[in-house]
Amino acid sequence: MTIDNAVLSFAGAVVLTSLALGWFVSPWWLLLTAFASLNMLQAGFTGFCPAAKIFRRLGLKPGRAFI
């Protein structure tokens with residue numbers, strides 16, 4: 001698995017988990033979806049992704065997006 005795959009999988013899991021918690025527990029969990037979305041937007045514009053840095057330290061191979 002590359003860093004790119006891990007970042008996309010992690011972001012998708014965070015969004016789906018947040019939506020499920022927002023539906024079943026409290027609508028306040030939807031703020032986590034907003035945070036994940038804002039983080040993806042800033043990563044798209046700046047190229048900096050905290051999750052990619054963490055996955056790199058864990059030893060995943062670089063992909064094309066996060067080198």
Quiz item: Would you say Leu19 is modelled with pLDDT of 95 or more and within 15 Å of the chain's Cα centre (by Cα)?
Solution: yes
Quiz prompt | Residues (aliphatic (A, V, I, L, M), under 19 Å from Ser18 (Cβ atoms) and more than 13 Å from the chain's Cα centre (by Cα)) located in the stretch 29-67 | solution = Leu30, Leu31
Quiz item: Can you tell which of Ala6, Ala43, Ala13, Ala65 is in a helix (DSSP H, G or I), of a type in the set (A, V, I, L, M) and at pLDDT below 95?
Solution: Ala43
Self-check item: Near pairs, Cβ below 6 angstrom, 6+ apart or cross-chain, from the stretch 42-67 (surrounded by 12 or more Cβ atoms within 10 Å (Cβ to Cβ)) to any residue that is of a type in the set (Ser, Thr, Tyr)
Solution: Lys61/Thr2; Gly63/Thr2
Quiz item: Got a number for residues in the stretch 1-41 being exposed (fewer than 14 other Cβ atoms within 10 Å of the Cβ), β-branched (Val, Ile, Thr) and touching a strand residue (DSSP E or B) at 6+ places or on another chain (Cβ under 9 Å)?
Solution: 0
Quiz item: Among the residues of the stretch 16-40, which ones are of a type in the set (Val, Ile, Thr) and either under 14 Å from Ala51 (Cα atoms) or assigned to a helix (DSSP H, G or I) (or both)?
Solution: Thr17, Thr33
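The values are calculated or read from the model by the stated rules, or taken from the named source; none is laboratory data. Computed from a predicted structure; not experimentally measured. Glycine gets a Cβ as well: all are built from the backbone with ideal geometry, and neighbour counts include every protein chain shown.
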